[in-house]
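Everything on this sheet refers to the single structure shown next.
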Amino acid sequence: MKVLVANLGSTSFKYRLFEMGEGVECQLAEGGYERVTDYGEVIRDALASLAEQGLATEEEIGAVGFKTVLGRGLSGCVEAGEDVLEALEGFAEVAPAHNPAYAAGIRQFGQILPGARRVALFETAFYQWVPEAGCRYAVPRAWCEAGIRRYGFHGASHKFVAERSAELLDREDVAGIVRELYMNGPVDVAKPLRVLSCHLGGSSSVTGIRNGVAVGTSMGFSPQSGLPQNNRVGDLDSGAIPYASKVLGLSLDEVERQLTRESGLLGVSGVGNDMRDVRAAAVGGNAEAQLAVELFVREVRRWASSFLFELGGLEGLVFTAGIGENNPWLREAVCAGLEEFGIVLDDERNENVRGEEGEIGAPGGSVRIFVVPANEELVLAREVYRKVSSLN
Ligand code: AMP
């Protein structure tokens, strides 16, 4: 089956085409458009290009997958019909760069490819089984009823880590559970497998995973939470918002703008929002950049350690996404001084693994440590294929 994965931003449309089947997983094409004003136009153009290259006619595309961020009252891997559109629009304010774009794209694909199944994989899906106490904020019930709770994001990436780490740790039983998670839900296993997944990139989160199922994650109600992000704040005391508004004379909109565009690595370092630039400035002696790096590492460690008690032990630690995959110095800083917990890097292995899969832990450590490159589009293609196979 040919599966088209559509990635929609407020002014962008990117796509990848996969051939998926039993034992078949192959990316056939990728492409994209920037400064998009009319999604219908670029979708038609992309489809014409795929047909011209002989890769897929419109009739051959069996399904289109959407990596939707979050929906009001809806999560999981689901057919993208009216209920998904309503859920996306219900939370348009929480994910303004993505939800309206996905709603528009899903509608357009419905008109342009009426024969293809549309499937949404919510970024919140991986956290469906986090216990209520791990999702509920200590706010009045009315806030909770308005949908204010911890949802978590980067679900596709952390699910990929859950599956791949189980394979790397020779736990095919758990890998199988992860593959079928959205179909069958969690399954008990006799011997636990506990993994910490550190998705560190332009946007970052840490997730604790037991037997392939998330026990909690650093991101909360919106992607403005958890670790400091490239230009977004991460965790912030809620008391700071009314105080900043009064003392700095900022409107609520301006507070939001500064917290979502001028904070995070950029805000602290004053150098930029790319870890490469921040690190280079830090190495060059820039004190603010040094502080930004230190703060980021500290927050990764704080969140990672918060799941250790919950998991009650650890077999695997995984680094993924742009920062986690490419920066041995960062992995070294995160793992520093944790020998007593069985977390010991092998300096040479760590130094040599950049942007590729590899084991970086020392042979003596009880926790196996890996780099696993993120591949969210493949996760989408897999989940969409599974979903459509179960529907047909
Ligand atoms: P992502 O959001 O996963 O694409 O990650 C983006 C972040 O990864 C940026 O902050 C970059 O600094 C970092 N990054 C990406 N590629 C590299 C690289 N080759 N070396 C060092 N850092 C990188």
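The values are calculated or read from the model by the stated rules, or taken from the named source; none is laboratory data. Keep in mind it's a predicted model, so treat the numbers as computed, not measured. Because the Cβ atoms are built from the backbone with ideal geometry, glycine has one as well, and the counts that use them run over all protein chains shown.
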For the stretch 205-238, what are the residues that are within 15 Å of the ligand (Cβ to nearest atom), of a type in the set (G, A, S) and in contact with a His (Cβ under 8 Å, 6 or more places away or on another chain)? S205
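Per-residue answers, yes or no, for (1) surrounded by fewer than 16 Cβ atoms within 10 Å (Cβ to Cβ); (2) under 22 Å from N326 (Cα atoms); (3) modelled with pLDDT of 95 or more:
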residue	(1), (2), (3)
P242	yes, no, yes
S245	yes, no, yes
L259	no, no, yes
R276	yes, yes, yes
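Select, from A374, A292, A287, the only residue that is touching a Ser or Thr at 6+ places or on another chain (Cβ under 7 Å) and farther than 25 Å from F122 by Cβ.
A292
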The stretch 304-360, subset within 16 Å of the ligand (Cβ to nearest atom), surrounded by fewer than 20 Cβ atoms within 10 Å (Cβ to Cβ) and small (G, A, S), residue farthest from L196 (Cα to Cα): G355
Kindly indicate the residue of the stretch 1-23 that is farther than 12 Å from Y102 by Cα and modelled with pLDDT under 95 and also surrounded by the fewest Cβ atoms within 10 Å (Cβ to Cβ) among those meeting that condition. G23
Across the stretch 45-87, the tally of residues that are within 26 Å of N184 (Cβ to Cβ), free of Cβ contacts under 8 Å to residues at least 60 places away in the same chain and among the aliphatic types (A, V, I, L, M) stands at 4
Screening V84, V94 for residues that are modelled with pLDDT of 95 or more and among the β-branched types (V, I, T) leaves only V84
Considering every residue within the stretch 341-355, establish whether at least one is outside any helix (DSSP H, G or I), closer than 24 Å to Q27 by Cα and either under 18 Å from the mean Cα position of the chain (by Cα) or not β-branched (V, I, T) (or both). yes
I'm trying to understand the selection: among the residues of the stretch 22-42, which are touching a Ser or Thr at 6+ places or on another chain (Cβ under 6 Å) and either closer than 30 Å to S390 by Cα or part of a strand (DSSP E or B) (or both)? none
If the requirement is being farther than 23 Å from L17 by Cα, acidic (D, E) and assigned to a helix (DSSP H, G or I), which of these qualifies: D45, D83? D83
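Does the stretch 184-192 contain any residue that is away from the ligand (no atom under 16 Å from the Cβ) and buried (at least 19 other Cβ atoms within 10 Å of the Cβ)?
There is no residue in the stretch 184-192 that is away from the ligand (no atom under 16 Å from the Cβ) and buried (at least 19 other Cβ atoms within 10 Å of the Cβ).
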Just to be sure I understand, how many residues within the stretch 51-110 are within 17 Å of V384 (Cβ to Cβ), surrounded by fewer than 19 Cβ atoms within 10 Å (Cβ to Cβ) and polar (S, T, N, Q)? 0
Does A374 satisfy being surrounded by 15 or more Cβ atoms within 10 Å (Cβ to Cβ) and assigned to a loop (DSSP other than H, G, I, E, B)? yes
Which residue pairs have Cβ atoms closer than 7 Å, lie 6 or more positions apart in sequence or on different chains, and pair a first residue in the stretch 263-282 that is free of Cβ contacts under 8 Å to residues at least 40 places away in the same chain and more than 21 Å from H199 (Cα to Cα) with a second residue that is charged (D, E, K, R) and near the ligand (Cβ under 8 Å from one of its atoms)? V271/D277
If only one of E172, E145, E167 is surrounded by fewer than 20 Cβ atoms within 10 Å (Cβ to Cβ) and either β-branched (V, I, T) or more than 28 Å from I369 (Cβ to Cβ) (or both), which one is it? E145
Please specify each residue of the stretch 267-297 satisfying the condition of being away from the ligand (no atom under 15 Å from the Cβ) and either touching a helix residue (DSSP H, G or I) at 6+ places or on another chain (Cβ under 9 Å) or not in a helix (DSSP H, G or I) (or both). G270, G284, G285, N286, E288, Q290, L291, E294
As an exercise: evaluate G264 against (1) farther than 29 Å from I369 by Cα; (2) surrounded by 17 or more Cβ atoms within 10 Å (Cβ to Cβ); (3) touching a Lys or Arg at 6+ places or on another chain (Cβ under 8 Å) and give the number of the one condition it does not meet. (1)
Which residue pairs have Cβ atoms under 8 Å apart, sit 6 or more places apart or on different chains, and have a first residue in the stretch 346-357 that is under 16 Å from P373 (Cβ atoms) and a second that is among the aromatic types (F, W, Y) and more than 15 Å from the ligand (Cβ to nearest atom)? E357/F370
